[in-house]
C-alpha cells in the first residue's frame with residue numbers, strides 16, 4: 001500500500017505550476033457560466049429568504065437582526081429582545097457583496113421589480129461556490145496523481161451531472177458549506193502545515209455557514225490521520241501533531257468569532273439560533289424508512305437523483321494504492337450521514353430537490369470515480385464505456401428537470417409521502433408531466449385547436465380542484481374575454497352561469513356580453529334563484545359571427561373585497577363568479593382551455609416568493625430568462641439585465657470551454673507524478 005506523502009513541487013517548477021493551474025481555472029469558468037445560464041434567479045424557501053434578509057439587514061443597518069416586519073421565518077429570540085436568524089451567519093455574510101450589487105443594479109428597474117432584481121443578482125453566489133467546488137475537486141484529483149483529463153472529468157461530473165447543479169440554483173447554505181468542506185479535505189491532502197492551516201480555516205468556515213457540517217468533521221479527522229500515516233512511528237506522530245496544530249490554529253479565529261456571535265446574539269457562546277441542540281428530540285423514524293428514503297426511494301434517494309455517484313461507489317476499490325485514503329473518506333462520509341439522518345423525522349429535508357442532507361456527501365463520493373475513469377480509459381471495452389456514459393447522461397437529465405418546473409409548484413400538487421415512495425409520483429416524473437401540461441397549455445394559447453374556447457384575459461385563478469385541472473369556478477375582472485375557435489359553418493349555442501356574490505350594501509352587478517367588442521343582442525337572462533344572485537345567460541351565435549379567435553367578453557362593474565369588507569384580504573377588483581360555461585355546435589362541445597395569464601412581478605417578500613411558484617401563475621420554466629421576460633418591467637431595463645446576466649454566463653462558459661478543450665487535448669503525455677500535482 002502506497003504510504004508516501006505528497007510534497008511540494010520545487011521552486012524551479014514555477015512555470016509548470018502556473019500551466020497546471022490553467023485547467024482548473026478553465027473548469028471554474030466553464031462551470032460558473034453553465035450554472036449561471038441555468039440559474040432560476042430566485043429563492044425557494046423561507047430558510048433562504050431568512051439568510052437573505054440578514055444580509056440585507058447587514059447592508060442597510062449593519063445588524064444581524066431581522067426587520068420587525070419580517071414574517072417568513074420567525075427566527076430565534078435574541079438576548080436583546082430582537083429576532084435573529086436561526087441559521088449560521090456565514091451564508092448571510094457571504095451574500096453581502098451580492099446584495100450590494102443587486103441593490104445597485106435594481107436602481108435601473110421600476111420600483112415593483114427591485115426585489116426581483118436583487119434576487120436575480122444574489123443568485124451569483126451559489127453558482128460561484130459550486131463552480132469553485134468543482135475546481136477544488138479537480139485540484140484534489142490531480143493531487144491524488146491522476147492526469148488532467150481524469151481530474152477535469154471528475155470536476156465536470158460534479159458541476160453538471162450531480163445534485164450540486166440543482167442546488168446551485170438555490171440560496172440554500174449547502175453549496176457554500178460544501179465548498180469549505182471540500183477545500184478542507186484538499187488542504188489535508190496537500191499534507192503541509194501551510195495547507196493544514198487552510199484546512200482548519202475552511203472547516204471552521206463551513207461550521208459558520210451550517211453547523212450540521214460537524215457530522216463531516218470526524219471523517220476528515222480520520223482522513224488527516226491516513227494522509228499523515230507512515231506506520232506506527234515517531235515520524236507519523238510528529239506529522240500528525242505538527243499539522244494538527246496548524247489546523248487548529250487555522251480554525252480558531254473563525255471559531256472564536258462564531259462563539260462571540262452566539263454569545264452576543266443569544267447570550268451563550270454554545271447556543272445557536274437552533275437553541276441548545278438535542279438531536280435525539282428529532283428521532284422517531286424507523287431507520288429502514290430513512291435509509292431507503294435517502295438512498296433509493298423514487299422521491300428522495302441519492303442514487304435516483306444523482307446516479308453519477310454510482311461511478312464513485314464502483315470506483316472505491318479501484319486504483320487502491322493511488323486513492324485508498326479518498327475511498328475510505330468517501331465511505332465514512334456516506335455512512336456517518338446515513339447513520340444520523342435516517343433516524344430523523346425530517347430525514348427528507350423537504351422543500352428541496354432530492355436528498356438535501358446528502359449534498360455534502362456527493363463530492364466525496366465522486367473522488368473514487370477517478371479510479372474508475374482511469375481504469376476505463378485504459379480499457380478497450382466499448383460496452384463498459386457506453387454503460388458509464390449512459391449513467392452520466394441519465395444523471396445530467398435528472399439535474400436539468402428542475403429547470404422545467406418550480407419544485408414548490410409540484411409540491412403544492414402532490415402528497416408528501418406519496419411523492420417520496422411512489423415511482424409514478426416522484427418529482428422526476430412529476431416535473432416532466434407538469435412541464436408537458438404547461439407547454440400544451442401555452443401552445444393552446446398561441447396555436448389553439450378547432451373546437452376550443454380559451455380563457456384569454458380578465459380572469460382570476462381557478463377555485464375548482466386544481467389537482468384535477470378544473471378551470472371553473474373562477475372570478476372575472478371587468479372584462480373577461482374568451483377566444484373562440486369554432487367551426488365557422490355552424491351556429492354556436494352558449495350557456496353561461498354566473499354568480500353575483502358581492503356583499504350588502506353594494507348594489508347588484510351591471511353586466512353584459514360583448515362580441516368582438518360590441519354588445520351582444522338577444523341574450524336570454526334567467527334568474528336561477530329569484531334573488532338576482534345566480535344568472536344563466538343563453539345565446540346563439542350565427543355562423544357569420546364566427547371566425548378564428550372570435551372574442552366573447554363578459555363585461556361587468558367591479559368590487560374589491562379588501563376595500564369593501566374588514567375580514568377579506570383578497571385585494572382584487574372582481575366582477576362576477578363564473579360558475580359554468582357550455583358552448584356547443586350540434587353534437588360537439590367546445591373544450592375549455594386556460595390562457596395562462598401571469599400577473600406582474602410582486603414587490604413584497606412573501607408575495608414575490610409566491611409569484612414564482614403559486615399554481616395559478618402558469619410559468620412555463622423555472623428559469624431566470626423566463627421570469628425576467630414576464631415580470632412586466634419595461635423593455636429597456638429588461639434587455640439590460642438579460643444582456644448583463646446572460647452575457648456574463650455566455651462569456652465565462654465560452655472562455656472556460658475553450659480552456660478545457662485545450663487542456664484536454666494537451667494531456668497526451670504520461671500522467672505527472674503526484675508531487676507535482678496541484
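Data overview
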{"read-out": "Among the candidates 21, 105, residue that is more than 21 Å from residue 210 (Cβ to Cβ), modelled with pLDDT under 95 and assigned to a helix (DSSP H, G or I)", "value": "21"}
{"read-out": "Tally of residues being surrounded by 15 or more Cβ atoms within 10 Å (Cβ to Cβ) and at pLDDT below 85 across region 443-476", "value": "6"}
{"read-out": "Some residue of region 175-184 being under 13 Å from the mean Cα position of the chain (by Cα), in contact (Cβ under 8 Å) with a residue 40 or more places away in the chain and buried (at least 24 other Cβ atoms within 10 Å of the Cβ)", "value": "yes"}
{"read-out": "Region 566-579, residues that are surrounded by 13 or more Cβ atoms within 10 Å (Cβ to Cβ) and either modelled with pLDDT under 95 or not in a strand (DSSP E or B) (or both)", "value": "572, 573, 574, 575, 576"}
{"read-out": "Selection within region 81-102 - over 21 Å from residue 41 (Cα atoms), in contact (Cβ under 8 Å) with a residue 12 or more places away in the chain and either within 21 Å of the chain's Cα centre (by Cα) or part of a loop (DSSP other than H, G, I, E, B) (or both)", "value": "82, 85, 86, 87, 88, 89"}
{"read-out": "Residue among 106, 164 that alone is surrounded by fewer than 23 Cβ atoms within 10 Å (Cβ to Cβ) and in contact with a helix residue (DSSP H, G or I) (Cβ under 7 Å, 6 or more places away or on another chain)", "value": "106"}
{"read-out": "Unmet requirement for residue 47, which otherwise passes all of (1) crowded, with 20+ Cβ neighbours inside 10 Å; (2) part of a loop (DSSP other than H, G, I, E, B); (3) at pLDDT below 95", "value": "(2)"}
{"read-out": "Extreme residue, modelled with the lowest pLDDT, among residues of region 479-507 that are outside any strand (DSSP E or B), under 20 Å from residue 564 (Cβ atoms) and within 47 Å of the chain's Cα centre (by Cα)", "value": "504"}
{"read-out": "Among (1) under 30 Å from residue 626 (Cβ atoms); (2) surrounded by 24 or more Cβ atoms within 10 Å (Cβ to Cβ); (3) modelled with pLDDT of 95 or more - the single one residue 400 does not satisfy", "value": "(2)"}
{"read-out": "Qualifying residue in region 421-441 (condition: under 27 Å from residue 545 (Cα atoms) and surrounded by fewer than 19 Cβ atoms within 10 Å (Cβ to Cβ))", "value": "yes"}
{"read-out": "Meets criteria (closer than 30 Å to residue 635 by Cα and either surrounded by 24 or more Cβ atoms within 10 Å (Cβ to Cβ) or touching a strand residue (DSSP E or B) at 6+ places or on another chain (Cβ under 6 Å) (or both)) for residue 98", "value": "no"}
{"read-out": "Subset of region 580-598 (residues that are surrounded by 15 or more Cβ atoms within 10 Å (Cβ to Cβ) and either assigned to a loop (DSSP other than H, G, I, E, B) or out of contact with any strand residue (DSSP E or B) (no Cβ under 7 Å at 6 or more places or on another chain) (or both))", "value": "590, 595, 596, 597, 598"}
{"read-out": "Residues of region 175-233 satisfying the condition of being closer than 15 Å to residue 326 by Cβ and not in a helix (DSSP H, G or I)", "value": "191, 229"}
{"read-out": "Of residues in region 613-632 being without any contact (Cβ under 8 Å) to a residue 60 or more places away in the chain and either part of a loop (DSSP other than H, G, I, E, B) or in contact with a helix residue (DSSP H, G or I) (Cβ under 9 Å, 6 or more places away or on another chain) (or both), the one nearest to residue 457 (Cα to Cα)", "value": "617"}
{"read-out": "Test: residue 312 is within 30 Å of residue 376 (Cα to Cα) and part of a loop (DSSP other than H, G, I, E, B)", "value": "no"}
{"read-out": "Subset of region 302-315 [buried (at least 22 other Cβ atoms within 10 Å of the Cβ) and over 11 Å from residue 163 (Cα atoms)]", "value": "311, 312, 315"}
{"read-out": "The lone exception for residue 612 - which of (1) modelled with pLDDT of 85 or more; (2) more than 23 Å from residue 412 (Cβ to Cβ); (3) surrounded by 13 or more Cβ atoms within 10 Å (Cβ to Cβ) it fails", "value": "(2)"}
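Table: residues versus (1) in contact with a strand residue (DSSP E or B) (Cβ under 8 Å, 6 or more places away or on another chain); (2) closer than 19 Å to residue 448 by Cα; (3) surrounded by 13 or more Cβ atoms within 10 Å (Cβ to Cβ).
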residue	(1), (2), (3)
519	yes, no, no
535	yes, no, yes
538	yes, no, yes
541	yes, no, yes
548	yes, yes, no
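Per-residue answers, yes or no, for (1) in contact with a helix residue (DSSP H, G or I) (Cβ under 8 Å, 6 or more places away or on another chain); (2) surrounded by 24 or more Cβ atoms within 10 Å (Cβ to Cβ); (3) free of Cβ contacts under 8 Å to residues at least 12 places away in the same chain:
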| site | (1), (2), (3) |
| --- | --- |
| 343 | yes, no, no |
| 350 | yes, no, no |
| 365 | yes, yes, no |
| 386 | no, no, yes |
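The values are calculated or read from the model by the stated rules, or taken from the named source; none is laboratory data. Everything numeric here is computed off the predicted structure, so don't read it as measured data. Heads up, the Cβs are rebuilt from the backbone with ideal geometry, glycines too, and the neighbour counts pull from every protein chain shown.
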